[in-house]
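Structure, as structure tokens:
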């Protein structure tokens, strides 16, 4: 326990000590006066005689301790950390099997997700096609994150692995890449970031770039969990790219694998309404934080209770409060 005004404790000791000494001296003078008058101890038993005054005296130090503004450190759970929203902006995200388009539905659902987050959650926005780019650094300015989501446009291929690596680079603050020739990556320099989450909105159709599972394993080694949101349908749709008609469908296996490797979860969504519900179920991590809890109220309440009891007993037993 700590005190905002600790010097008041010294005052509490001095005043309480002085009050107790004054009460003892007063009782001795009363006893001496009664004895000198030949009445002896006409007042009843010691409990009835002293209890009301003891309660009143006991309220004094408690009230003064309350004025010292005592505080206790309590551990409270809260949703906190960093969430990086990664949007697939490949040509396939223009498909209309999720109305109005896959990308537009993902934008709407992500915006609702951002609006629901407390100020303790920093939200960033990343877009990826053949390459990945951070368009909004993680911030507690949620309207800025929502504006970045609204600017997302579709075009190009898909590199899920590149999205994960760029996301990790921004979370860890250092460039992250996979080693060449299939060598085992050194994860010791990544650090551990258990309060960070990457949420990937994609149809899962990976067209190139770094190995997706290897990138996900790097994220798992850094303690970063990836939640994936599948945007599209298994039946798929047709999109026109440079005059060609291309079939595109949701690849749930790839999206599920990415999430499972990092301890996250895959969220399936077949239409805009379901997609919005899906983002509401995304699990963010609860962190524990110590916060000061002021105890002035309980101390003041205890002091007032003692004052009330002391006054009530004094009035009932002796016909007066003091």
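Quick rundown of the values:
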quantity	calculated
Extreme residue, farthest from the chain's Cα centre (by Cα), among residues of the range 92-106 that are part of a helix (DSSP H, G or I) and surrounded by fewer than 22 Cβ atoms within 10 Å (Cβ to Cβ)	94
Unmet requirement for residue 230, which otherwise passes all of (1) under 21 Å from residue 169 (Cα atoms); (2) not in a loop (DSSP other than H, G, I, E, B)	(1)
Filtered residues of the range 279-292 (kept if modelled with pLDDT of 75 or more and surrounded by 14 or more Cβ atoms within 10 Å (Cβ to Cβ))	279, 282
Filtered residue count, the range 102-138, keeping only those that are more than 26 Å from residue 273 (Cβ to Cβ) and out of contact with any strand residue (DSSP E or B) (no Cβ under 9 Å at 6 or more places or on another chain)	3
Pair list, Cβ < 8 Å and 6+ apart or interchain, from the range 18-30 residues that are under 15 Å from residue 61 (Cβ atoms) to residues that are in a helix (DSSP H, G or I)	19/57; 19/60; 20/57; 23/53; 23/57
Test: residue in the range 171-183 that is in the same structural domain as residue 123 (by TED's automatic domain parsing), in contact with a strand residue (DSSP E or B) (Cβ under 9 Å, 6 or more places away or on another chain), exposed (fewer than 14 other Cβ atoms within 10 Å of the Cβ) and at pLDDT 90 or above	no
Helices (runs of 4 or more DSSP H) lying entirely in the range 124-226 (those with 1 or more residues that are in contact (Cβ under 8 Å) with a residue 40 or more places away in the chain and within 21 Å of the chain's Cα centre (by Cα))	142-150, 160-172
Those residues of the range 267-278 which are touching a helix residue (DSSP H, G or I) at 6+ places or on another chain (Cβ under 8 Å) and either part of a helix (DSSP H, G or I) or modelled with pLDDT of 70 or more (or both), in sequence order	267, 268, 269, 272, 275, 276, 278
Residue in the range 64-82 that is in contact with a helix residue (DSSP H, G or I) (Cβ under 6 Å, 6 or more places away or on another chain) and either assigned by TED's automatic domain parsing to the domain that holds residue 274 or within 22 Å of residue 145 (Cβ to Cβ) (or both) present	no
Residue in the range 194-207 that is in the same structural domain as residue 93 (by TED's automatic domain parsing), in contact with a strand residue (DSSP E or B) (Cβ under 6 Å, 6 or more places away or on another chain) and more than 30 Å from residue 249 (Cα to Cα) present	yes
Residue ID - farthest from residue 220 (Cα to Cα), chosen from residues in the range 236-261 that are touching a helix residue (DSSP H, G or I) at 6+ places or on another chain (Cβ under 8 Å) and part of a helix (DSSP H, G or I)	254
First in the range 107-121 and within 16 Å of residue 202 (Cα to Cα), second anywhere and modelled with pLDDT of 90 or more, Cβ under 7 Å, 6 or more apart	107/149; 107/150; 107/152; 110/85; 110/149; 110/201; 111/146; 111/149
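Yes/no matrix, rows are residues, columns are (1) within 27 Å of residue 96 (Cβ to Cβ); (2) surrounded by 17 or more Cβ atoms within 10 Å (Cβ to Cβ); (3) at pLDDT below 95:
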position	(1), (2), (3)
197	no, yes, yes
209	yes, yes, yes
229	yes, yes, yes
244	yes, no, yes
249	yes, yes, yes
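The rows are residues; the columns are (1) under 49 Å from the mean Cα position of the chain (by Cα); (2) modelled with pLDDT of 80 or more.
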position: 16; (1), (2): yes, yes
position: 21; (1), (2): no, yes
position: 52; (1), (2): yes, no
position: 81; (1), (2): yes, yes
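The values are calculated or read from the model by the stated rules, or taken from the named source; none is laboratory data. Small disclaimer: the values here were computed from a predicted structure and weren't measured. FYI the Cβ positions are ideal-geometry reconstructions off the backbone, even for glycines, and counts take in every protein chain you see.
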